[in-house]
């Protein structure tokens, strides 16, 4: 029997929440197949089956679990699976025994929320508990999970529907209807809390300028002759070079002290499905543009595979965010705590590139911030300055 554990995805990780089981108890899985999706504070991660066999989850969806905590098992044989169920006090089909027993046939266990005399149905453990709590008949629900399995969202919809049906007519006749309810959790919760913290716990000011983009565009065209290099990779290297010249920008505030970091770790804001994620290029000032590009491509693959680790997004000292590809010229980036500055990249044309620098005015004055932005502009207009 092989245990399924919450893996340690990074040095700072302490726990994770079970978002979704891809298989129900008693189903066969193959080693390497995605069986579970978890969320940490910053990333969503898919867990692969450590072995082939019959899966048995023991922690329901929505449960927060410690690192290395066992959340399920994979039995190698049917006999081993049934033995596991007996040890855990569950029914032979892997579902928890119900205290409700059919009066005509005491050998038939009833699923929580199911009507008497009904056959067993496929539902996640959490969905069953929620259905029993709210007196929802699972036989009336259509599952949206794998293989028609009833999951938490299906029960939530039924609960909301019952509330609507039970509401007075005056309440039903409302002006607007909810199209979708999105839980604030996982990466979205982190963004939610960090952005609020950013605005309420810092004095943010944004400076805007534009630089002649001819040399930048020419440099990229030259690099493209040997390797696919993005503007972001070049701009990260340029920002790192400017930060080395203006170290106070590469800082944070902690209590009554300003901490200036030795390392220049530049985060790059990226889209990850419906979330924003910021992987960090560690010690960007010591790396060539080609290596920075390779790390960006690695992060893109990890985002697509749901395999980013907490360490991939930790340790940033400065952030770059690029909305230029969407046609935006200028915008006001929001600081990522505990960083003190963020550079926004606007539209890049053959003539100009648009730049927006947001900084914490509590610890960085306007003139030093303006000089840093001027250095960025000078390097963009004359890339050889990166060599100095």
- Query: In the range 297-308, is there at least one residue being buried (at least 22 other Cβ atoms within 10 Å of the Cβ), closer than 22 Å to residue 196 by Cβ and under 27 Å from the mean Cα position of the chain (by Cα)?
  - Reply: no
- Query: How many residues are surrounded by fewer than 15 Cβ atoms within 10 Å (Cβ to Cβ) and in contact with a strand residue (DSSP E or B) (Cβ under 6 Å, 6 or more places away or on another chain) if we restrict to the range 29-47?
  - Reply: 1
- Output for Cβ contacts, cut-off 9 Å, separation at least six or different chains, first residue over 13 Å from residue 341 (Cα atoms) in the range 242-259, second exposed (fewer than 12 other Cβ atoms within 10 Å of the Cβ), reads 245/388
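May I ask you to verify whether residue 77 is at pLDDT 90 or above, out of contact with any strand residue (DSSP E or B) (no Cβ under 8 Å at 6 or more places or on another chain) and surrounded by fewer than 16 Cβ atoms within 10 Å (Cβ to Cβ)? Reasoning before the result, please.
Working: at pLDDT 90 or above: yes; out of contact with any strand residue (DSSP E or B) (no Cβ under 8 Å at 6 or more places or on another chain): no; surrounded by fewer than 16 Cβ atoms within 10 Å (Cβ to Cβ): yes.
The answer is no for residue 77.
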- Query: Which is modelled with pLDDT of 95 or more, part of a loop (DSSP other than H, G, I, E, B) and assigned by TED's automatic domain parsing to the domain that holds residue 203, of 368, 333?
  - Reply: 333
- Message: Residues that are out of contact with any strand residue (DSSP E or B) (no Cβ under 8 Å at 6 or more places or on another chain), at pLDDT 80 or above and surrounded by 14 or more Cβ atoms within 10 Å (Cβ to Cβ): does the range 112-119 have at least one?
- Response: no
- Kindly indicate the residue of the range 187-220 that is free of Cβ contacts under 8 Å to residues at least 12 places away in the same chain and under 31 Å from the mean Cα position of the chain (by Cα) and also nearest to residue 365 (Cα to Cα) among those meeting that condition. 200
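The values are calculated or read from the model by the stated rules, or taken from the named source; none is laboratory data. Keep in mind it's a predicted model, so treat the numbers as computed, not measured. Reconstructed Cβ throughout: ideal geometry from the backbone, glycine too, with neighbour counts over all protein chains shown.
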